[in-house]
Amino acid sequence: MEEMSQMYEDLKDRLTNAGRVLVLEGQGDYVAGHVSLRLPDRPDTFLMKPAGMGLDEMTQENIITVGLDGAKLDGPSPRHNEVWIHSEVLRARPDINAVLHTHPIHAVAFSSLGKPLLPVGNDGSIFFDGVPVFDETTDLITTRERGEAVARCLGQSRALILRNHGVVTCAPSIEEAVWIALKLERACRVQMLAEAAGGPKLLVREEDVKKKGSWSNRSDLHTNVFNYLMRRWTCAQCEPRGKGKVRIDS
Ligand SMILES: [Zn+2]
């Protein structure tokens, strides 16, 4: 029993940290955006960020528990209307334990161009086999039917762009789902820069793109980057000391 509650505590910590890392990297949209993590001992149940607060405000107490039917099972806080992205992707993909949805500004702007994502640099190389774009609606995913349609469009991919809305990523671990979301936003941003400068003329060589993509998507890298960003987050919360103090000359 004690082991079980320790496991739940650890999962909630990882979810909490995922929210902080996403905000640190500019993927917060005030109280919008959410992350979820499947419970290993109850695979038809998942932990999720509650509605009405920032991604960086999750705690052990406010994270909610939700079933694959979208119903809240536990927790004091309200559930996001877009819960269906999580429940339907987790239902369709038993290989996946973590789902993430954010509104990163470059990815949203990029989605309005109607162009395919290209391997302009390292970031884009991860997505060499393409990123599906969901365009059945540009509205929020507030029904089970829309959630099912998103899961269908995602297929076996780990990333999807919701046209004029945001991104969805998923992975066996929350650390990888975060990594994919960060890389997708960077890939969109880099391509937007190239598009704004007249359009990319040269891309990562075809023979390099797969290699480059796999270098940039390894499980040790997901953990190392996640932990690095958590150290940065922790550092940013510290009181300024020594030379960092505000100076007022009178
Ligand atoms: Zn949304």
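Quick look at the values:
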| item | result |
| --- | --- |
| Overall Cα dimensions of the range 2-221 - principal axes, largest extent first, Å | 56, 36, 29 |
| Accessible area in square angstrom per residue, the chain, 1.4 angstrom probe | 52 |
| Anisotropy class of the range 71-186 from Cα gyration tensor, a/c 1.5 cut | prolate |
| Loop-located GluC sites (Glu not before Pro) in the range 1-74, at most 12 other Cβ atoms within 10 Å (DSSP) | GLU61 |
| The range 2-221: Lys pairs at Cα distance under 29 angstrom, eight or more positions apart or on different chains | 17 |
| Length released on extending from ASN227 to ARG144, taking residue separation times 0.36 nm less the Cα-Cα span | 26.4 nm |
| Calculated FRET value between LEU68 and ILE248, using beta carbons and R₀ = 45 Å, to 0.05 | 0.20 |
| With every protein chain in place, the chain: carbon and sulfur % of accessible area (1.4 Å) | 51 |
| Peptide ranges 165-172, 117-124, 64-71 listed from the most packed, as the mean C-beta count within 10 angstrom indicates | 165-172, 117-124, 64-71 |
| For the range 57-131, alpha-carbon Rg and Dmax in angstrom | 16.4, 45 |
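The values are calculated or read from the model by the stated rules, or taken from the named source; none is laboratory data. Predicted, not measured: the structure shown is a model, and the values here were computed from it. Counting neighbours? That spans all protein chains shown, and the Cβs are built from the backbone with ideal geometry, glycine included. Accessible surface areas use protein heavy atoms only, side chains included; no ligands, DNA or RNA. Shrake-Rupley method; radii C 1.70, N 1.55, O 1.52, S 1.80 Å.
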